[in-house]
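Note sheet for the following structure.
The values are calculated or read from the model by the stated rules, or taken from the named source; none is laboratory data. The structure presented is a predicted model; accordingly, all values stated were derived computationally and were not measured. Positions of Cβ are backbone-derived with ideal geometry, glycine not excepted, and every protein chain shown enters the neighbour counts. Surface areas here come from the heavy atoms of the whole protein model, side chains and all, with no ligands, DNA or RNA. Shrake-Rupley method; radii C 1.70, N 1.55, O 1.52, S 1.80 Å.
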Amino acid sequence: MSEIRVGIAGAAGRMGRMLVQAVLDQPGLRLASAWERSDSLAIGKDVGELAGVPALGVVISDSPQKGFAAADVIIDFTTIPSTLDHLPLALEMNKPMIIGTTGFDAAARERIAAAASKTPIVLAPNFSVGINLMFQVAAQVAQVLGEAFDIEIIEAHHRHKVDAPSGTAVRLGETVAQALGRSLPEVAVYGRQGHTGARDRQTIGFATVRGGDVVGDHTLLFAGEGERLEITHRASSRLTFARGAARAAQWVVGRAPGLYDMRDILGFR
Ligand code: NAD
């Protein structure tokens, strides 16, 4: 099969630059287009130059239309409005998308699901292999420890992150809540202050840390009487997310429409 042409939205961003590198590293993929928001200083530059590799002959444009047209699959790690703006183009041109942007509310997730009924979309709050294994383990541990342990989720990210708690922390919460037959919106506690009263056993607590250059740490804490179990994942390079997204791009081309996530690519379900 000929090489799969990949288009990268937000190619000058922290993840965008890593995605360029990951697509170059992945056999079978070819970087075909890259674009940025219209006021970006990166427009007109070669993507290779931005990503710290030799010039690739692909210039960053300000046109998502051209970016979609030149590619077989789009990888989008940008912002919520930008990703939502890209959905009609994916439908119009019948192109699959890999979406790494985080922080979507329920209405936005519904729009993504509606688009996925017509073109394949892989949506994951975290494209690392380790975190997706953690999701699997989290559900199993929650089922065993059940009602006897208090569940807390602690996450840390760099100072530039704009959403909280992280999409990964929310997914961890949804995973354990579902395993225990609870509804996350009903049991989630996002931070505590002042006279909070004693902890309600059913709740799932979230704590958010922001600072420096932390790529992404997540701890799922099960606290019982006399013992604690902590499951921690630490990402030390954004390249791990980018490699997962490149793998997803290769996997998704030729699939039936549907909303997929990293567990499908890794064969976990
Ligand atoms: P960033 O701000 O460094 O990069 C975002 C890029 O998108 C910027 O270069 C910006 O100019 C560009 N952009 C904004 N609007 C655009 C538009 N309309 N068209 C094209 N480009 C546009 O942010 P980042 O750290 O790279 O993170 C981006 C997103 O990816 C965030 O939502 C973050 O939470 C998420 N993320 C997800 C994973 C994962 O594994 N799913 C991992 C890391 C980050």
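How many residues are within 30 Å of residue 145 (Cα to Cα) and either under 13 Å from the mean Cα position of the chain (by Cα) or within 16 Å of the ligand (Cβ to nearest atom) (or both) if we restrict to the stretch 242-267?
Number of matching residues: 7.
Each row is one residue, and each column tells you yes or no for (1) in a helix (DSSP H, G or I); (2) of a type outside the set (Gly, Ala, Ser); (3) not assigned by TED's automatic domain parsing to the domain that holds residue 187.
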position: 218; (1), (2), (3): no, yes, no
position: 225; (1), (2), (3): no, yes, no
position: 244; (1), (2), (3): yes, no, yes
position: 247; (1), (2), (3): yes, yes, yes
position: 256; (1), (2), (3): no, no, yes
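State yes or no: is residue 205 under 20 Å from the mean Cα position of the chain (by Cα), touching a residue at least 12 places away in the same chain (Cβ under 8 Å) and within 29 Å of residue 264 (Cα to Cα)?
For residue 205, the condition - under 20 Å from the mean Cα position of the chain (by Cα), touching a residue at least 12 places away in the same chain (Cβ under 8 Å) and within 29 Å of residue 264 (Cα to Cα) - is not met.
Please determine, by comparing only the residues of the stretch 51-78 that are near the ligand (Cβ under 10 Å from one of its atoms) and over 25 Å from residue 251 (Cβ atoms), which one is most open to solvent (accessible area, probe 1.4 Å).
Restricting to residues being near the ligand (Cβ under 10 Å from one of its atoms) and over 25 Å from residue 251 (Cβ atoms), the top hit is 62.
For the stretch 145-155, check the following and say yes or no: at least one residue is within 16 Å of the ligand (Cβ to nearest atom), farther than 27 Å from residue 225 by Cβ and crowded, with 20+ Cβ neighbours inside 10 Å.
no
Please find, among 192, 182, 199, the residue that is open to solvent by less than 30 Å² (accessible area, probe 1.4 Å), more than 16 Å from the ligand (Cβ to nearest atom), over 16 Å from residue 230 (Cβ atoms) and at pLDDT 95 or above.
After applying the criteria, what remains is 182.
Go over the candidates 50, 31, 19 one by one and state the one that is over 20 Å from residue 127 (Cα atoms) and of a type in the set (A, V, I, L, M, F, W, C).
Of the residues listed, the single one that is over 20 Å from residue 127 (Cα atoms) and of a type in the set (A, V, I, L, M, F, W, C) is 50.
Restricting the search to the stretch 212-234, which residues are in contact with a helix residue (DSSP H, G or I) (Cβ under 7 Å, 6 or more places away or on another chain), hydrophobic (A, V, I, L, M, F, W, C) and under 28 Å from residue 14 (Cβ atoms)?
220, 231
Of everything in the stretch 1-44 that's basic (Lys, Arg) and within 12 Å of the ligand (Cβ to nearest atom), which residue is surrounded by the most Cβ atoms within 10 Å (Cβ to Cβ)?
Per the criteria, the residue is 17.
For the stretch 188-202, what are the residues that are touching a helix residue (DSSP H, G or I) at 6+ places or on another chain (Cβ under 9 Å) and under 18 Å from residue 164 (Cβ atoms)?
Residue satisfying the conditions is 188 alone.
Note down all Cβ pairs under 7 Å where the first residue falls in the stretch 248-263 and is open to solvent by 60 Å² or more (accessible area, probe 1.4 Å), the second is among the charged types (D, E, K, R), and they're at least six residues apart or on different chains.
257/118
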